[in-house]
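Peer 1: After the structure tokens below, expect a handful of questions from me.
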Amino acid sequence: MSLRQHGFRTHAGPWTRSVARPLVIARYNLSGVFASRLFTIFYVACFLPSFLCMVSIYLRYKLETFVGFTGNAWHEFTRADILDDWLYYGILQPSEWVAFLIVLVVGPSLLAPDLKDNAMPLYLSRPVTKLQYLLGKLLVLLTLTAAVTWLPGLLLVLANAYYADDGWLMDNLTVPFGLVGSCLVWTACLSIIALALSAWVRWRPAATLGFLGLFVIGSAIGNLFRATSGDWYGSLLILWDAIDVVGRDLFGANPSELMPLPWAWASLAAPTALSFWALLRRIRAYEVVR
């Protein structure tokens, strides 16, 4: 066969729909993530808080032997309304910590290798746009966190509804919807910040330390400012305080006094929007070297 017959030929097979192209990127990245046995063990351990909460729900309604020791106090506690802080601390707060740990472990490794090895021209020279590429990376973190946060959380809410009095779940639909909404807001905020750090640092250990330091240093400065000034403005630097205020409002738990609700939403939206803008600036098909 002559050399000229080995030239470039257009793909003659079926094309993946533009809507499904981010799923291709997400699928291959998920297979690479679970190739690590250490991460698989860590991921299985992330289901432990949900398991413990399931046990506590069962004991809350079925451990009638304690009634003889505690009297009516235990009986009243086991029949408490679903909107109390017990369910918030048992389901939503552990989910926020699990989501943070997963993004901390996986997030910095999604973009850094592609940028470090100059693989962006290979991605963007194919029928994949910049937003589709970023969405595919974001879907990796959303999928990993959803499987261990709000999906088990919905099962826990249904389990609590099974043991509780009839009819109160329909009266308290803010619980499942607030659980899903809080987890999605928190995961999206964490994921976009982690991807932005990974894109600009380009080195996974440094990106991981930067992501962790952002929360540690921000919390330290915010708590110091709040302690010295005596007002709530220091909580604007603490994303944990912001998601606590937003999560309690969506979930229907007792409101938090850390900061006003609009400022909590702004505290989450500002770094997310800034990180997304930084991502769009960093992801490009070529790089000018001076």
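The values are calculated or read from the model by the stated rules, or taken from the named source; none is laboratory data. Since we're looking at a predicted model, the values are computed, not measured. Methodologically, a virtual Cβ is constructed for each residue, glycine included, from the backbone with ideal geometry; neighbour enumeration extends over all protein chains shown.
Peer 1: I'd like the full set of residues that are among the polar types (S, T, N, Q), modelled with pLDDT of 80 or more and surrounded by fewer than 19 Cβ atoms within 10 Å (Cβ to Cβ), limited to segment 122-170.
Peer 2: Answer for segment 122-170, where residues must be among the polar types (S, T, N, Q), modelled with pLDDT of 80 or more and surrounded by fewer than 19 Cβ atoms within 10 Å (Cβ to Cβ): Thr129, Thr143.
Peer 1: Does Thr187 meet the test of being within 26 Å of Leu151 (Cα to Cα), of a type outside the set (Gly, Ala, Ser) and surrounded by 13 or more Cβ atoms within 10 Å (Cβ to Cβ)?
Peer 2: Judged against the criteria, Thr187 is a match.
Peer 1: Within segment 171-180, identify whether any single residue is assigned to a helix (DSSP H, G or I), under 29 Å from Ser31 (Cβ atoms) and either of a type in the set (Val, Ile, Thr) or modelled with pLDDT under 85 (or both), and answer yes or no.
Peer 2: Checked segment 171-180: at least one residue is assigned to a helix (DSSP H, G or I), under 29 Å from Ser31 (Cβ atoms) and either of a type in the set (Val, Ile, Thr) or modelled with pLDDT under 85 (or both).
Peer 1: Starting from segment 227-251, take each residue that is of a type in the set (D, E, K, R) and list its partners that are surrounded by 22 or more Cβ atoms within 10 Å (Cβ to Cβ), counting only C-beta distances under 6 angstrom and pairs at least six apart or across chains.
Peer 2: Final answer for the pair search is Asp241/Ser235.
Peer 1: Follow-up question, since we're still on this one. Right, Pro108: over 29 Å from Ala278 (Cβ atoms) and surrounded by 20 or more Cβ atoms within 10 Å (Cβ to Cβ) or not?
Peer 2: no
Peer 1: Of everything in segment 257-290, what is small (Gly, Ala, Ser) and modelled with pLDDT under 85? Give them in sequence order.
Peer 2: Matches in segment 257-290: Ala285 only.
Peer 1: Name the single residue, out of those in segment 219-239 being within 22 Å of Thr187 (Cα to Cα) and crowded, with 18+ Cβ neighbours inside 10 Å, that is modelled with the highest pLDDT.
Peer 2: Leu239
Peer 1: Examine segment 245-268 for a residue that is closer than 28 Å to Asp85 by Cα, small (Gly, Ala, Ser), touching a Phe, Trp or Tyr at 6+ places or on another chain (Cβ under 7 Å) and crowded, with 17+ Cβ neighbours inside 10 Å, and state whether such a residue exists.
Peer 2: The answer is yes; a qualifying residue exists.
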